[in-house]
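Have a look at the structure below before the remarks.
The values are calculated or read from the model by the stated rules, or taken from the named source; none is laboratory data. Given the structure is predicted, the values throughout are model-derived calculations rather than measurements. Positions of Cβ are generated from backbone atoms using ideal geometry, with glycine treated the same way; all protein chains shown enter the neighbour counts. In case anyone asks, the SASA skips ligands and DNA or RNA and just uses the protein heavy atoms, side chains included. Shrake-Rupley method; radii C 1.70, N 1.55, O 1.52, S 1.80 Å.
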Amino acid sequence: MSGMTADTGALRELTVGTGAGLDTADMVLNIGPQHPSTHGVLRLKLVLDGEQVISCEPIVGYMHRGAEKLFEVRDYRQIIVLANRHDWLSAFSNELGVVLAVERLMGMEVPERAVWLRTALAELNRVLNHLMFLGSYPLEIGAITPMFYAFRERETLQAVMEEVSGGRIHYMFNRVGGLKEEVPAGWTRRAREAIGQVRRHLPDLDNLIRRNDIFLARTVGVGVLSAAEAAAFGASGPVARASGLDLDLRRDEPYLAYGSLEVPVVTRTAGDCHSRFEVLLDQVYASLELAERCLEQVDRITGPVNVRLPKVLKAPEGHTYAWTENPLGINGYYLVSRGDKTPWRMKLRTASYANVQALATLLPGCLVPDLIAILGSMFFVVGDIDK
């Protein structure tokens, strides 16, 4: 292709075709921030040589809500509703990290029944999170049916969560010192029945997709993240465990009732898209088992599910750090108090933010058709990146 330049009139020639012996010009392509395959408002700035990705720059911040600044002008009851929302698929777990940090700073002991109920609900929330990705990820690479199976199981568990909390997504059931209220009569039995139903139906999804030839062709050996790279980027959760990083806070630094449970940690070593999917799928089986054991324990324990709090709740001056094994990885909550009813500072370390940075390493060298397969396999929520 040739043409005249506007200023000098000199002839300029640029080769943009492909073929033997031809030089090609790299193309800069923006995926997002509105593209429907990016799980939200994320932008990827790609440099392409034909169909091969040369470099990738994840650009975040389009959804930024300023949650950390809002924490500073909300009291300790109000910040729960803000922290609830950054990973909208893991709302119960988000609340949990905040109240654990406040309770730790106040030296507060939570009733045993509340501890076991929190653990059960956190595992049910983990299953709900994973089922969403187990349905949406195959959908992104062309498999429609898994979405229907995944949502069938989600609805079974959503009914249980809605009965106990009144919410389907943003539960707002945690409180500093325990839980909002006692669970309804017979709820633990109905929850165990729901877990049994999901466990019986889960093989429908498993058998359809795990060993599907087309799914294997699109995911095996694609988007390989090594253990060293995962550690360097601070990746955690299923993404890191699929690369062989055997790290799970529920086992390694127990909180809630996890220290009294034998927590199975699901890992793989290949670090590819298929391994990440398998870790997510097998974790659902493990979390259903953990939730059932917690509910059995709840039935043996009587007593309150919260502690009586003063009308104005103030944390003593000081700072503390609490971290939890959220469904998508490690979430950290750094709380600084100056003795007021509002935090002086509360910094969130979210799992998706660190995991998405690894795309800068994963995508170079891959082909455009594999782009969405790799992107979807990182299992992130954009609100968890931008907070």
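A few notes on this one:
- A Cβ distance below 9 Å, combined with a sequence gap of six or more or placement on separate chains, defines the contacts here; from region 34-57, residues that are at pLDDT 65 or above reach residues that are of a type in the set (Phe, Trp, Tyr) in the pairs Val41/Tyr62; Leu42/Tyr62; Leu42/Phe380; Arg43/Tyr62.
- Phe151 without any contact (Cβ under 8 Å) to a residue 40 or more places away in the chain, in a helix (DSSP H, G or I) and in contact with a Leu (Cβ under 8 Å, 6 or more places away or on another chain): yes
- Criterion: under 24 Å from Ser275 (Cβ atoms), touching a Gly at 6+ places or on another chain (Cβ under 9 Å), part of a helix (DSSP H, G or I) and not basic (Lys, Arg) - qualifying residue of Ala235, Ala230: Ala230
- Filtering region 60-81 to residues that are among the charged types (D, E, K, R) and out of contact with any Lys or Arg (no Cβ under 8 Å at 6 or more places or on another chain) leaves Lys69, Arg74.
- Close pairs from region 283-304: first part of a helix (DSSP H, G or I), partner open to solvent by 50 Å² or more (accessible area, probe 1.4 Å), Cβ under 7 Å, at least 6 apart: Ala286/Pro264; Leu288/Arg199; Glu292/Arg192; Leu295/Arg192
- When residues in region 252-266 are screened for being assigned to a loop (DSSP other than H, G, I, E, B) and either among the aliphatic types (A, V, I, L, M) or open to solvent by 60 Å² or more (accessible area, probe 1.4 Å) (or both), 9 of them pass.
- Residue satisfying all of: in region 102-154; among the polar types (S, T, N, Q) and open to solvent by less than 10 Å² (accessible area, probe 1.4 Å); farthest from Leu328 (Cα to Cα) among these: Thr119
- When Ala185 is tested against (1) in a helix (DSSP H, G or I); (2) hydrophobic (A, V, I, L, M, F, W, C); (3) closer than 17 Å to Val298 by Cβ, just one condition goes unmet, and that condition is (1).
- One residue alone among Ala270, Ala242, Ala230 is hydrophobic (A, V, I, L, M, F, W, C) and open to solvent by 20 Å² or more (accessible area, probe 1.4 Å), and that residue is Ala270.
- Residue within region 61-68 that is among the aromatic types (Phe, Trp, Tyr) and modelled with pLDDT under 85 present: yes
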